[in-house]
Structure formats: C-alpha cells, structure tokens
2 protein chains.
Amino acid sequence: MGCYYYPSLTGILFERKSLRALFYGLGSDGTVGANKNSIKILGEETDNYVQAYFVYDSKKSGSVTTSHLRFGPEPIRSTYLISSANFIACHQWEFINRVDVLEAAVEGATFLVNSIYKPKNLWDNLPKRVQKQIQEKQLKVYTIDANEVADKAGMGKRINTVMQVCFFALAGVLPREDAIAEIKKSIRKTYSKKGETIVAMNIQAVDKTLENLFQVEWQGKPTDTEALPELPSPVSESAPAFVHDVLGKMMMRQGDLLPVSALPCDGTYPSGTTRWEKRNIAAEIPVWEPDVCVQCGKCVMVCPHAVIRAKVYEPEQLTLAPGTFKHTGTRTQEWKAQGLEFTIQVAPEDCTGCKICVDVCPAKDKSSPNRKAINMAPQPPLREAERDNWEFFLNLPEPDRLHLDVHKIAHQQMQTPLFEFSGACGGCGETPYLKLATQLFGDRMLVANATGCSSIYGGNLPTTPWTHNAEGRGPAWSNSLFEDNAEFGLGFRVALDRHTRQASELLQALRTEIGEELVDALLASPQQDEADIFEQRERVESLKHRLEDILPLADAEKRLQLVNLRSLADYLVKKSVWIIGGDGWAYDIGYGGLDHVLASGRNVNLLVLDTEVYSNTGGQMSKSTPKGAVAKFAEGGKVATKKDLGLIAMTYGTAYVASVAMGARDEHTLRVFLEAESYKGLAKK
Amino acid sequence: MGCYYYPSLTGILFERKSLRALFYGLGSDGTVGANKNSIKILGEETDNYVQAYFVYDSKKSGSVTTSHLRFGPEPIRSTYLISSANFIACHQWEFINRVDVLEAAVEGATFLVNSIYKPKNLWDNLPKRVQKQIQEKQLKVYTIDANEVADKAGMGKRINTVMQVCFFALAGVLPREDAIAEIKKSIRKTYSKKGETIVAMNIQAVDKTLENLFQVEWQGKPTDTEALPELPSPVSESAPAFVHDVLGKMMMRQGDLLPVSALPCDGTYPSGTTRWEKRNIAAEIPVWEPDVCVQCGKCVMVCPHAVIRAKVYEPEQLTLAPGTFKHTGTRTQEWKAQGLEFTIQVAPEDCTGCKICVDVCPAKDKSSPNRKAINMAPQPPLREAERDNWEFFLNLPEPDRLHLDVHKIAHQQMQTPLFEFSGACGGCGETPYLKLATQLFGDRMLVANATGCSSIYGGNLPTTPWTHNAEGRGPAWSNSLFEDNAEFGLGFRVALDRHTRQASELLQALRTEIGEELVDALLASPQQDEADIFEQRERVESLKHRLEDILPLADAEKRLQLVNLRSLADYLVKKSVWIIGGDGWAYDIGYGGLDHVLASGRNVNLLVLDTEVYSNTGGQMSKSTPKGAVAKFAEGGKVATKKDLGLIAMTYGTAYVASVAMGARDEHTLRVFLEAESYKGLAKK
C-alpha cells in the first residue's frame, strides 16, 4: 500500500484521501459500462483500494442508472451506497429537473454535468433548486456538451467515453496523461473486434473531450433566500392518489422513504399506471402525414409501446380539437359512407423513438419517395402540442367493438390496447403480440406470466403496462416462478371452471326465485363472439339487480345461496386464460409444466415469445436457439438443432398449434390469435 | 368415555385397561389390511381410544410386516411402537424361526400362531428359543391352521379374515358375537363389488374359524436350563463380514441396534447382496424337464428375479455334480460339435414362484400336452437338493463372452445377469429389462435411477440386487430424485467424458515415457464390441504396470502426471450410461429434464419402464396412461390420450428411439438394446 502521489489534484482528494463518486446515467447510454471500466483501471493501475456499486431498476432501457465508485489508499469498509459524494456527474441533462442529483454532494464537491448549453448560459438554465444546492454547498461545476462531442466523432448518442475522460480529468485520481493512455488502451481492447473505424471514433472523442470541458463560474450570482424548493413529482396532479403519493415516490427514487403501510397489503397493484410515467426518452418521434396514409393500421399494430393509435369518429367531434390536431376522411368503405373522420395519433412523451412504425409503413409519397405516411422528427419542438393532441385523442369516443370486423387489421386496430407504455426496450419484438391479445381479449383475460423479459416489463414496479378500459375491465396479471408458470396458469383455469360451475349450480337451485327466463338465458349463452359476451354481461348485471331485490326477503338458507351467487356471478361471463413466457421458459425451464398443461387438454392459451435465446439475462442459448447460432453467452455456437416445440405440441393431437411472425404476415398473426382463443381444448369438445 | 364392560375377557385387559397388540404378517398376505379394518371397528363401535401403527420395509412383497394396535379407555399418548405387548400374533409360521416375535411379550400375554401343526404337535416344532420365552413369560398360546381354513373356504392363501376373527375371539375387546357381526358387515362392504361368491367365501371362513382355533397346553413340558439361544442370522456364515454383521442385523430387524460407525460413511454400499438373503417365499418353484426342453432361453430371459439360468459346459465338469443335478446334451449346432452339456438351473430359495417361466415356455411334451419343459412343483421337498444343485451350477465355469453370439437369445442368455433376486413383486414386468441390460453391458454400466418401483427394488436397504461379476465388475448404481434423474445421469456422462479426455491428454503428454505403441493403441481402440473392450482392458492393465515401473524414476512434475493418469486409467475403457425410471418419471415429473437430455444429443441410454401408471404409489394415472384407462387412484378414467413419448423424442431427429415388449417379441427387444447402446448420440457423430 503506502502513500500515493496525486499530481493533478483538484482539491478534495488530498485532504480526504479518498474519492466517493456518484454518476447519474440513462439506461443504455453506456454510463455503467464506462464506470466499470474506470474502476478496473483504478484498481489495476494504482495501489489503491477500489469499490463500485451499480444501481438500476428493471426497466429494460431508458431509466436512471447510478454508479457508486469508491477509491482510496485505505481499505474500503463501506458496504452501502454513497450518501456523501465528493464527485457527482450527471450524464443526462433532463435528470437535473427530476432527480435530486446533488442531494449527496458534500461541501466543495465537484459537479460535472452534460449539457447542451454553453458554459455561460448554463447557470440560468439550472432549476432554482439546483442553483441553491450549488451555492449552499460551494460546489465546483463543470460542463461539457458530450452529445455534440460524441456526435462529431461519429459515435451518435454514445457519450460514455467522453464522460469517462471528463471524470479522469476532474477527479485527478491518476495523472491525466496516464489516465488517457489507459482509456485508449481499454478502447482498443473493447472495440478492436468491431473494426478500426469504431476504435478511431472513440480515440477521436477522447482527444476532443478536454477542449470541450469547461468550468462554470457561478460565484457572485444572486442568492435566493427562500427554502429549498421541493423536487417536482414526476406524476401529474390528476393521477389517482395512490399513483401520485406512492408510485410517484418510487419513480423519484424515494421508495425507501415510504412507510410499509403505504404499500398494498396483499401485493395487488392497480393496473394502467405506466400512463402516468411520461418518460420522454425519445429524441425523435413519428409524425403522421394524413395525405400519404393508406389507413392500413400496420403502424398501430406493430408499435411495441402502444404509442401510435387510430380512431374513426363523427366530424362534429372535431369542434374542440387543438389547432394542430390532424385528421382526414376515412378510406374504409362502410365508414366513408357514414362520413367519418380518421386520425393516427402519437403519444409524444411515451414513445421510445424505436422507428418500427416508420419501417413498417407501406405508404410512400409518390412525388417524394423518402417521405412515408409516418416519418421521424425531433421530439422537443413537438412535445407540447402533441401532448395536447394526445389528450384530445384519448377523449374521442371509443369505437363500438361490436361493429368492428376484427379479422381486418384496419378495423381491429381500432380496439383499445390494454397493454401500453411498458418498460421494454424500444423496438421490443415481444410486446406487439401482448398488445394484440389485450386488444382482442383484454377485457376478460387472465395472464400467468413466466419469469423473463415479459415478467420484467410486465410487472415493473412502480408501474405496470397492463391496463383496463373505461369500464374498468382489463387483464388480471401475475408472475409466479420461471419453472411453474404453465401450472400456475392452469390453476387459473381450474379455479375459474370451478367457480363457473358453482355459479351455474346456484342458478339452477335458485331458478324459481330468480326467474326461469333469466336463468336459462344465462346458462345457454354460447359466448362465442363479442356480441354474445356483451349480452351475457348485461344478463349478469340483471342477475345482480335481481339478487339485490330478492335478498332482503330470503330466509337464512336461501340468503346464503344468494350471497354466494352474488359473489360468483361474474364467473358466468367467459374468461380467457393466457399462459405467457419466453423460450427460456417454454422450451427449457418451464417445459415440464408446459407439457403437462398441453397434455391436460384444458382450455388455456399458451403464448411463447420465442426470441431463440434467453433475452432477459443477456443471451444464453436455449433449446430454441437454432443450430450453429452464436449467442452472447454461448459463443461456441449451438450444436443441437432447434427444438420443434410446435411439432411436439401437435403429437398430442388435441391442441391448436400455430407459429406466427407479425413482421412476416400480420393478417396470419391476427387470424391465429382469434382461432387459438376460440379453440376450447380437449375438455370441452 | 366412561367405563367399558368386557364380557369375555381372556385376562390381562381388565387389569391393564388397555390392549397392546402386535401382529407379524407377510407383505401381501392381508395382515395390514385386516388390522386397519379391526382398528376401525374398535374405534367406531366402542367408546374407547384406538391407535395403530403399521411398519413394513420397502420390499415390494414378501417381507415381514408388523401392525401395532393400541386400544383402551384412556387417551393414548404413546407416540412410539409397542415394545411391551399383551397380545402377539404370528401370521406366518416361518417367522418363528427367524424373527424374535415374542421379544415384546409381557408376562401372561396371549400368543396366537398360524401353523400347519396340530395343537398337540405344535410345542415340539417350536424352536428352543420360543419354547423358553413362552415358559419364562408364562404365555397363553393359541394356534390355528389358517391356511387350511382359508383354502377350504376357497380363499387360497388369503388368511387375513381368519386371523382377524381369531384376534377378536382371543383379545376379547368386543363381545364375540358383536365382533363377528362387525367383521361380516365389513366383509360385505369391502367385497360386495367383487361379487357374492367372494363375500360368501369370507363369511364361510369366519364361521369356520372358531372351531379350528385351539389353545396349546405346554404346562409341564420340560424346561431348558441353558441361556436363551441367539436368533440365528439370516445370512450364511460364508457371507462377507459386512453382509453378515451389518446387513444381516438389518434383515433381522435389528438395524436400530447398529452403531453409526458400522455404516458406510459415504453411503456407498457393496453390490450383490440380495444373494445372501434367501427369502424362501415361493410355495412352488419351477422344475426343469431336460427331455422336453428346446433350449430356447426364453425362461431365462423372462425371469424377473434371475433365478432361472442356463449354462453350457464340458461334460467332465459333471464329475462332482450332486446326484439330482440335471443336464442334457446341448442342441445348439456349434456347441453340439464340441460335445457340450446343457443345464437350466433354478435358485430354489430366491424364486418368488411367479410362474412366468412356465407361461412363456414354448416346449410341450407331445405325449402329455400339459407338461411343459418347465412346470411348477412345491418348494419345501425340493429346497435342500436344489440348493446344492444351485451352488454346483454357480461354480460351473462362466461362458466365454467373446464367443457368444449376443444376437441369439439362446446364446445371449448364457451371459451372467448382474441384477438378481430383487425385492420387486413376484412376476415383475420391469426387472427382466434391467437384467437384460446388465447381461449385455453390466460390466461397464453406470445407472442413474429415477424414484419409483425401480429405485425401491433397486436400492432396497439392507440389500441390493445390482451385482458384479467374478472380476468385480458390475453396474455402479445411484438414485437421486424423482424430478432430476435425467440430469443426474447426464452428469455421469459429462464427468466420464471429461475424465476420459483428461486421461487421453495425459497419455499424449507422457507418450515418450509410456511408449508410443501402447499410447497409440489405447487412443485408437474403437471399443465397438466385447472383443475390443476386452483388449482395451488388457491395454489399461499394461498401462498400469508401466506406470508403476516409471513412477519411482520420475521427477516431481512428471510424477504428478503419472499419478493422475494412474487414477484415470480406467476411464480409457468405454462406459455405458443408463438413465432409468418409470413413466411417472419419464412422462411427468422428470420429463423436463429428460427432454433436456434428449436435446443435448449426448451419448446416454434412456430406459423408460412404462407401466402406464404410477406403480410404486399404488396406481395414479400418468401422461402415459391410455385414454379411458381406469387406475386404482384414477377411477374416473383417463380423459386425454396416451402421450407419445417416442414420437416426441423423434422430433429431435438425433435420438435412437424404440419401443419394446419382451412378451410380444423378445428378439426385437434384444436387438433394440444392442442397437440403442451402440448409438453414440449427436455429440460423437
């Protein structure tokens, strides 16, 4: 060990003999990777002790990450996160407004912020709260436009190398030249496989960084005498109290401050909460061109985040429309006859900017072939206006589900999705299938979700993308274990069937009291399409009213039957059980159970989101991985062929089996979903 | 509660106010069932407290069962087995000689024994030890020839009802008439489904019982002054010490008295120990008729307990044969040319009397069509002579495996089985397949055994039927869990392959020291048939000698390599991995892992003993159960069709798959075993 000489100290380190650095990054911006690299350099190239903790939630990308780096000549015994930091870096400007990045700063600490503002304009663009923290704690403030440096070096949005150089320049834990040499060495090691161009870009970014790093002078700026302003809640005031007060706190990374009593005692969370999150993570969002659009609905169908939606409506609905709200006459024959208007609307603050909608759009402007019916444009200038347009769009009347031809995508995609704004990666290939299922069956769906990507983005505390319609109906969702999901979902079916049977028996037992006609109608309903189900729901409502009427007059024995039937009445409406997971679940870990459910012939729907690799854990091969394929953690290439799960399922001769790919044939996907759900399995045939 | 009046007490109950009754029965003789019934009668028909414990080992049938029944007016707080009994019944005469049935008897207790001897002859046929116990404890002794009563009533060997009536008659816990009425009531309840004939037989047995129950007068018989003789060990003196001293104690039901230090510290037990057990449970055994026999080997192949064996040998071997030893000239062409003799020999004390050999025998005496080449005859008169014949037969030279044509059953069945005398039920349909595998590959076989019947009769402490040949080579066997057996066996393969690879690498590294020629021969051996493997074993022996020669001269580094190679040398001989279990394992509980092993394409053999039902636990339906089939615990009938495991395995396109039934086509079974084992799987192709 011994004493280490810091040749270019910026101050604090020499006194405290240790660095406690905190970095705020955006999931997928490379901050965590760069910090792992930095701590390795420090650990390997100096005689000091190092420690690093990385904290991020389970959002697949686009959420806040924090890196906690400790470094110093004394052994590090702090087995907890950093709460007093002498170096803080904020790698994304927008965090300044919503995360308390300086809370942990000690007096005299160094603060580095990535910003689009020139150094002289930075101060005035900082929120009051941050200004006050800097003044009170006498922080040294540095800034760089890392996005510009990275972009000019040809690295697009990858700012990690730039910010890493700034850290080494400011923290002074290594001689600057040594640090830069080490960074370049590690760049060569990391990227050489990807080609000399990538290496050169990164090296150039390193060289350009220091000339773009500036100290921000703030001494002498006027001081505010008011108390430190509260950090604004990320959730709008119009959100339900639980969302605002409990989930909002979690979104602010203050979940640890919530009392246990604030949490649901049985673990049941309200659905439809992602809509309050407004992550604003897309740099560009799609913009609709009504004149080019053929109104095919493909962009709506394929959007992984349910942020593009279509509606048809009476023209008079437009009276109160915002000025920038776009619309055009519908092209669909029957709606045209009714003179309806058509709109494709984007949710600007929920979009992840994945651009799949643009890729899939088949319509081109003939006079300008690069212009499609959907094109990407920067989000910030559009945000305000499109937010209003989105609000207006949501308040347009929902289409009448009973009159949609669900076999046509353009019609079917008018159905409201009950899975929206998930934490899945932008461009996720799984979520469009979940969304489709919820459009078709969401109002009577129960989902057993295997562990994997879908359980993460599906039940991503604090929010969930599974939502409900205006009547409050939506999927009931739960995740048990990786290895028992099929059985878990089979249990839903068994319980539902038992409840339905009990309700039916009670109906028979109470036939005189309730009335023959209603009882017979309830028991005889085929419930094969939307209309049947709608009517059955009406009947159940009648039944409930009838039960309320009879109850006060009933004797004790009948009363018990009536109360039981009241609690079971909703089971008289058909439910749709979905057992969902990835190939890691279906082909491997949960396959024993999946096979058992297949063999049972019970009326359940099994949806395998087959990515041919364990996606959630970073890419291990599964039995679904094709022969020869190389995965991130299966570099030798798969020896065996892909397991043919569909063929295996067919050996039972009692299952409806299909393989679909929306990108290959979207109509087929839609048809299969409809057919699969309507197939009743062995037990009911 | 209150006081209960016993109108026909035989003595002790009134004083002690409670009955503590102990029953010794033979697994499958109905004793346990009858006692469960008795305790129900006592619990339901009187105001007294009752308790029953039933103790039996995991032998499928034919072992000792004990029933511990407590009854009395006070609450029963004894949470342990009965160690002082005032009523003891021995339902099988032969236990008198090998079980300490009277050890728990208190003074003045009642002792009931089922015996073929007349009451006046009984005393003289009791072993000295039992006589002494009766005299010392002043027991009241009763006897009945229950087998005769049952047989005369048309119930064959089912003595349970007869003995139950005796119990009620002697224990006096219920008025005799009431007890008999209750027994008859319960007979009607239990057997009415099986028809009036069965009910009538049982009722008749009840009525005939009391007139055949006699007290044995022993007062005044001469008293022996010597100490109480030791119970004879069930294991012969010629058995290895561990078998005699440790396993023998367990067989005597004295395992609890063994010190922990007597047990193997790593759970490894010696194999081939059932041969010391000599259970003598067959009333009749097969007798061979050399003049009728066509020498096809089918009886040998099908015998579930490996108690019928065939050998060919030089006539001069007969010089010392016992007088009753049977033999005839061989009928097989090539052996006939050599003038060899042929014998089929039965192990009289290991046979279970299942008669499958007789059923399968295709040879008939043309002059007396009911006479086959094998016929059943009572065991006791044959026991002594056949025991000697069996011993003589075992000592005849083994056939030279290298010159057997293993594709012909008559030849192949000369191979010594390395699975013999298991605790499986008489006539077990699974064990012949295990036996066949051991005949073919047993000397280089590793077995991973799933939980189920096969794990019970396969590792049935204190003894195991898996055995070894004269060179000490035999299957290594282990049972892990129901749900992980396929993975467990795959681990054997992975470890073996790793060891072989390491040994091969060491051979290469030590090429100069060991000698080019030997190294090349060791590495190049194809090991595809018995002859190859024989030669490879010879080479490994040479290698070991060579290593011993080099070792003293080697430097430290080489020495380490040499020692490692010495410990790995045996892995240069091909091993055969067998993953074995029933349909409960393969189709249901362990299927996820089985599928994973199938997909791996590794060189393992999966043997599914498909009984189409969970056999070990009494008959629950599995996914293998055919549509419509009714099992004991699946009375509704199977709704789904039988899962097609073979077809599923074929979907991988990389597995050798076959379905066999010895009873349908024994040659096919043999060929499939040979082909499956020689198929190397995906990895080696």
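The values are calculated or read from the model by the stated rules, or taken from the named source; none is laboratory data. Remember, it's a predicted structure, so these values are computed and weren't measured experimentally. So basically every Cβ, Gly included, is an ideal-geometry build from the backbone, and we count neighbours across all protein chains shown. To get the accessible areas, we keep the full protein, side chains included, count just its heavy atoms, and leave off ligands, DNA and RNA. Shrake-Rupley method; radii C 1.70, N 1.55, O 1.52, S 1.80 Å.
There is no residue in the range B:42-57 that is more than 21 Å from B:Val162 (Cα to Cα), part of a strand (DSSP E or B), of a type outside the set (Asp, Glu) and in contact (Cβ under 8 Å) with a residue 60 or more places away in the chain. From the set of residues in the range A:29-57 that are in contact with a Gly (Cβ under 7 Å, 6 or more places away or on another chain) and within 24 Å of A:Thr617 (Cβ to Cβ), which is modelled with the lowest pLDDT? It comes out as A:Tyr56. Under the condition of being closer than 24 Å to A:His596 by Cβ and either more than 13 Å from chain B (Cβ to nearest Cβ) or touching a helix residue (DSSP H, G or I) at 6+ places or on another chain (Cβ under 8 Å) (or both), the residues counted in the range A:626-642 number 1. Scanning the range B:643-685 for residues that are modelled with pLDDT of 95 or more, within 10 Å of chain A (Cβ to nearest Cβ) and open to solvent by 50 Å² or more (accessible area, probe 1.4 Å) gives B:Asp644, B:Leu647, B:Met650. Answer yes if at least one residue in the range B:249-269 is at negative phi, touching a Phe, Trp or Tyr at 6+ places or on another chain (Cβ under 6 Å) and open to solvent by less than 60 Å² (accessible area, probe 1.4 Å), and no otherwise. No, the range B:249-269 contains no residue that is at negative phi, touching a Phe, Trp or Tyr at 6+ places or on another chain (Cβ under 6 Å) and open to solvent by less than 60 Å² (accessible area, probe 1.4 Å). Every condition in (1) hydrophobic (A, V, I, L, M, F, W, C); (2) at pLDDT 90 or above; (3) open to solvent by 10 Å² or more (accessible area, probe 1.4 Å) holds for B:Met155 except the one numbered (2).
Total residues in the range A:374-407 satisfying the condition of being of a type in the set (D, E, K, R) and without any contact (Cβ under 8 Å) to a residue 60 or more places away in the chain: the figure is 5. Inspection of the range B:613-624 identifies at least one residue that is touching a strand residue (DSSP E or B) at 6+ places or on another chain (Cβ under 8 Å), in a loop (DSSP other than H, G, I, E, B) and within 14 Å of chain A (Cβ to nearest Cβ). Taking residues in the range A:595-606 that are facing chain B (nearest Cβ under 10 Å) and in contact (Cβ under 8 Å) with a residue 60 or more places away in the chain, and partners anywhere that are open to solvent by 10 Å² or more (accessible area, probe 1.4 Å) and polar (S, T, N, Q), the pairs with Cβ atoms closer than 6 Å and at least 6 places apart or on different chains are A:Gly601/A:Thr654. The residue that is nearest to A:Ser455 (Cα to Cα), counting only those in the range A:485-496 that are out of contact with any strand residue (DSSP E or B) (no Cβ under 7 Å at 6 or more places or on another chain) and open to solvent by 40 Å² or more (accessible area, probe 1.4 Å), is A:Glu487. Within the range A:537-556, the residues that satisfy the criterion of being acidic (Asp, Glu) and assigned to a helix (DSSP H, G or I) are A:Glu538, A:Glu541, A:Glu548, A:Asp549. Across the range A:288-329, the number of residues qualifying as in a loop (DSSP other than H, G, I, E, B) and either under 17 Å from A:Ile374 (Cα atoms) or open to solvent by 70 Å² or more (accessible area, probe 1.4 Å) (or both) comes to 20. Of all the criteria given as (1) surrounded by fewer than 20 Cβ atoms within 10 Å (Cβ to Cβ); (2) over 20 Å from A:Ile96 (Cβ atoms); (3) of a type outside the set (Val, Ile, Thr); (4) in contact with a Leu (Cβ under 9 Å, 6 or more places away or on another chain), the one not satisfied by A:Asp57 is (2). Taking the range B:418-456 as the range and being at pLDDT 95 or above, touching a Lys or Arg at 6+ places or on another chain (Cβ under 6 Å) and open to solvent by less than 10 Å² (accessible area, probe 1.4 Å) as the test, only B:Phe419 passes.
What do you reckon, is A:Leu572 modelled with pLDDT of 95 or more, open to solvent by 20 Å² or more (accessible area, probe 1.4 Å), over 27 Å from the mean Cα position of the chain (by Cα) and aliphatic (A, V, I, L, M)? Taking the combined requirement at face value, the residue does not satisfy it. When the range B:435-457 is filtered for residues that are part of a helix (DSSP H, G or I), closer than 17 Å to B:Ala486 by Cα and not polar (S, T, N, Q), only B:Cys453 remains.
Taking the numbered list (1) touching a helix residue (DSSP H, G or I) at 6+ places or on another chain (Cβ under 7 Å); (2) within 14 Å of chain B (Cβ to nearest Cβ) in turn, A:Leu565 passes all entries but (2). Restricting A:Gln338, A:Gln379 to residues that are among the polar types (S, T, N, Q) and more than 30 Å from the chain's Cα centre (by Cα) narrows the list to A:Gln338. Among the residues of the range A:194-232, just one is of a type outside the set (D, E, K, R), surrounded by fewer than 12 Cβ atoms within 10 Å (Cβ to Cβ) and not in a loop (DSSP other than H, G, I, E, B), namely A:Thr197.
Residues of the range A:601-642 that are of a type in the set (D, E, K, R) and open to solvent by less than 30 Å² (accessible area, probe 1.4 Å): A:Lys623, A:Lys638.
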